[in-house]
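J.: Following this message is one structure expressed as structure tokens.
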Amino acid sequence: MALLDSLMLWISNWGIIVPIVCVLLLRDKKMILRAIVAVILTFFLTDILKIVFARPRPFDAAGGWFFSTPADKWSFPSKHASTSFALATSAVLHKKALGWIAVIFAVLISISRIYLGAHYWTDVVAGAVLGIVISFATDKAANYFEQGRKRGKRRKS
């Protein structure tokens, strides 16, 4: 059991590196910028929702945290899930193979958060949905504004 505990703790703390690397491997500045914007929006919206819902973490009900101290007090939604899925979705939208590697790690990160007692399953599902939606919305907005700029340049010609 100690091996599984260590593995889950490692994935929870360091697993985000894989989705980050997958986004960087896109090697397209526009796409990387879209991913960064999506993660920033996801990060702040997750913080706002945590304050609004103020849901205690599962380990509070269990009588203590056994693995490490979380950065914040509230559970809903999971910031680990939201940011990892925002990165994974950005990668999937632009390079499927890299994206699916990132998705696998986003799922593993989410599972680790439940295993470690930091979140309920609904926290990670909500975080995943939030990250996916914001990433899609960021991509659509960027496409819309990019199209508008191209139309504007044609009119001036």
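The values are calculated or read from the model by the stated rules, or taken from the named source; none is laboratory data. All of these numbers come straight from a predicted model, not from anything done at the bench. Cβ coordinates were reconstructed from backbone atoms using ideal geometry, including for glycine residues, and neighbour counts include every protein chain displayed.
J.: Kindly establish whether D47 is modelled with pLDDT of 90 or more, surrounded by 13 or more Cβ atoms within 10 Å (Cβ to Cβ) and of a type in the set (D, E). If you could, list the steps in order and put the result at the bottom.
T.: Working: modelled with pLDDT of 90 or more: yes; surrounded by 13 or more Cβ atoms within 10 Å (Cβ to Cβ): yes; of a type in the set (D, E): yes.
Yes.
J.: In the stretch 113-142, which residues are of a type in the set (G, A, S), in contact with a His (Cβ under 9 Å, 6 or more places away or on another chain) and modelled with pLDDT of 95 or more?
T.: Listed by number, the list holds a single entry, G127.
J.: Can you tell me which residues in the stretch 109-129 are within 20 Å of V18 (Cβ to Cβ) and assigned to a helix (DSSP H, G or I)? So that I can check it myself, show each step before the final result.
T.: Initially, the stretch 109-129 is screened for residues within 20 Å of V18 (Cβ to Cβ), giving 109-116, 118-119, 124, 127-128.
Matches in the stretch 109-129: I109, S110, I111, S112, R113, I114, Y115, V124, G127, A128.
J.: Do any helices (runs of 4 or more DSSP H) lying entirely in the stretch 1-60 carry at least 2 residues that are in contact with a helix residue (DSSP H, G or I) (Cβ under 8 Å, 6 or more places away or on another chain) and more than 27 Å from A142 (Cα to Cα), and which ones are they? It would help to see each step written out before you state the result.
T.: Numbers: elements: 2-14, 17-24, 29-53.
Output list reads 2-14.
J.: Out of the stretch 69-88, which residues are touching an Asp or Glu at 6+ places or on another chain (Cβ under 8 Å) and assigned to a helix (DSSP H, G or I)?
T.: K79, A81
J.: Then there is this: Identify the residue in the stretch 94-129 that is aromatic (F, W, Y) and touching a residue at least 24 places away in the same chain (Cβ under 8 Å) and, among all such residues, is farthest from S78 (Cα to Cα). Explain how you work it out, then say what you get.
T.: Going through the stretch 94-129, the residues aromatic (F, W, Y) turn out to be 100, 105, 115, 120-121.
Narrowing the set further to residues that are touching a residue at least 24 places away in the same chain (Cβ under 8 Å) leaves 105, 115, 120.
Details: F105: 15, Y115: 13, Y120: 9 Å.
Top of the filtered list is F105.
J.: Which residue pairs have Cβ atoms closer than 8 Å, lie 6 or more positions apart in sequence or on different chains, and pair a first residue in the stretch 1-17 that is more than 13 Å from I114 (Cα to Cα) with a second residue that is part of a loop (DSSP other than H, G, I, E, B)?
T.: N13/S68
J.: Next question. Does I32 qualify as being over 16 Å from G131 (Cα atoms) and surrounded by 15 or more Cβ atoms within 10 Å (Cβ to Cβ)?
T.: Values: over 16 Å from G131 (Cα atoms): no; surrounded by 15 or more Cβ atoms within 10 Å (Cβ to Cβ): yes.
Spelling it out, it is not the case that I32 is over 16 Å from G131 (Cα atoms) and surrounded by 15 or more Cβ atoms within 10 Å (Cβ to Cβ).
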